[in-house]
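No value in this document is a laboratory result; all are computed from the given coordinates. Since the model is a prediction, treat every value here as computed from it, not as a measurement. All Cβ positions, even for glycine, are placed from backbone atoms using ideal geometry, and neighbour counts span all protein chains on display.
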Amino acid sequence: MKPTLLVLAAGMGSRYGGLKQMDPMGPNGESVLDYSVYDAIRAGFKRVVFIIREDFADNFKANIGDKFSQKIEIEYCYQDLNDLPEGFSLPEGRVKPWGTTHAILAARNLIDSHFAVINADDFYGKDSFQQIISYFNKPESNNPEKESYCMVGYKLSNTLSDHGDVNRGVCQGTNGFLNNIEEHTEILEEADAICRGNNLAGERVEISPSALVSMNFWGFSASLMTHLASQFETFLAEHGNEMKSECYIPTVVDDLIKSEQAECYILETSSSWFGVTYPQDKDACVASIQQLVDAGEYPAKLWE
């Protein structure tokens, strides 16, 4: 087995005001993504595939990929708004990406074994990557009729920003298995100190700060790509003419669980998550990384 790390790095950083996946955060100019790749290598990943946009490909390769190209196998693929199934076309005027399902499908021709998915701008921590690799090394599910996936979960309260709203997949589970997950947008603690977000129906609902949420750290088998392609085509038939509709990975996983085509383990981790959504989040992210360096979790110069 050659486990692959699939990195969603094509985001435009509209709320951050730039390409945060390449923004220096570490003491020697390292990005958050540098630490994820470092953790992936020491956990046992052998290959990383970056999903990026072609318009910043040269910059990304020079400033990110080239730093560790001698330490792990690297490949690139491009997320393109026009990469759509036969019979569908891009609505005139649409500039917003189609969502994480479409992003992962950009790598469909490069995935033939187990793979993990992460966001390029989230810090997941060493233990999270070790948990995913341990899952990959376990025997297949006892239920041969179901696909077997996993996800790393975090408490919602530990993933909020002090500077604006965030999007999260809110989870419910039993006995270590995911029962339900629904993407919620514009989550924040409001003036009455209650945390709320918009569900997929557009309703503003209360969400417990202790709720488990997905930060898009998933472990999948290669066969997921077939399900993604089918679900994305259904999504386009229903919402393809909308200017801002998105097809989210949590929605696809939720559908596969409820149709009893898949089961999804919830992995417990001792790692702390942190990330950047807004420019004001950067200082806290830089400080958190420095604390880990000072504690000896990472070398000050990551790639030396």
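Take each complete run of DSSP H in the chain, measure how far its Cα atoms stretch along the helix's own axis, and keep only those covering 30 Å or more with mean Kyte-Doolittle hydropathy at least 0.5; list them. Walk me through the numbers before you get to the answer.
Numbers: long enough: none.
Qualifying helices, which must be both long enough and hydrophobic enough, do not occur.
Among the lysines, select those whose C-alpha is under 25 Å from the C-alpha of Lys155, and discard any that sit fewer than 8 residues away in the same chain.
Straight-distance partners of Lys155: Lys20, Lys126, Lys258, Lys282.
Need the list of aspartates and glutamates near Lys2 for cross-linking: C-alpha distance under 13 angstrom, and skip anything on the same chain fewer than eight residues off.
The qualifying aspartates and glutamates are Glu73, Asp112.
Ignoring the sites themselves, what is the longest stretch of the chain with no chymotrypsin sites (Phe, Trp or Tyr not before Pro) in a DSSP loop and at most 16 other beta-carbon atoms within 10 Å?
It runs 89-302.
Where both partners of a DSSP beta bridge lie in the chain, what percent of those bridges are antiparallel, to the nearest 5?
55 percent
What list of ³J(HN,Hα) couplings, whole Hz, do you get for segment 110-119 from phi and the Karplus terms 6.51, -1.76, 1.60, once you set θ to phi - 60° and write x for glycine and proline?
10, 10, 9, 8, 4, 8, 10, 10, 9, 7
Considering Cα pairs under 8 angstrom that are at least six residues apart, work out the relative contact order of the chain and quote it in whole percent.
Numbers: 555 pairs, mean separation 77.5, N = 304.
Reported relative contact order: 25 percent.
Determine the calculated [θ] at 222 nm for the chain from helices alone, applying -39500 (n - 2.57) to every DSSP H run no shorter than 4 residues and normalising by the residue count; nearest 500 deg cm²/dmol.
Here the helix-only value at 222 nm equals -7500 deg cm²/dmol.
Output the Kirkwood hydrodynamic radius of the chain, Cα pairs only, in Å rounded to one decimal.
Evaluated on the chain, it is 19.8 Å.
Determine, for Arg47, Arg42, the number of other Cβ atoms within 10 Å of each Cβ, and report the residues in order from fewest to most.
The order, fewest Cβ neighbours first, is Arg42, Arg47.
Can you bin segment 201-275 into rounded, prolate or oblate? Criterion: square roots of the alpha carbon gyration tensor eigenvalues sorted a ≥ b ≥ c, rounded for a/c under 1.5, prolate for a/b above b/c, oblate for the rest.
Cα axes put segment 201-275 in the oblate bin.
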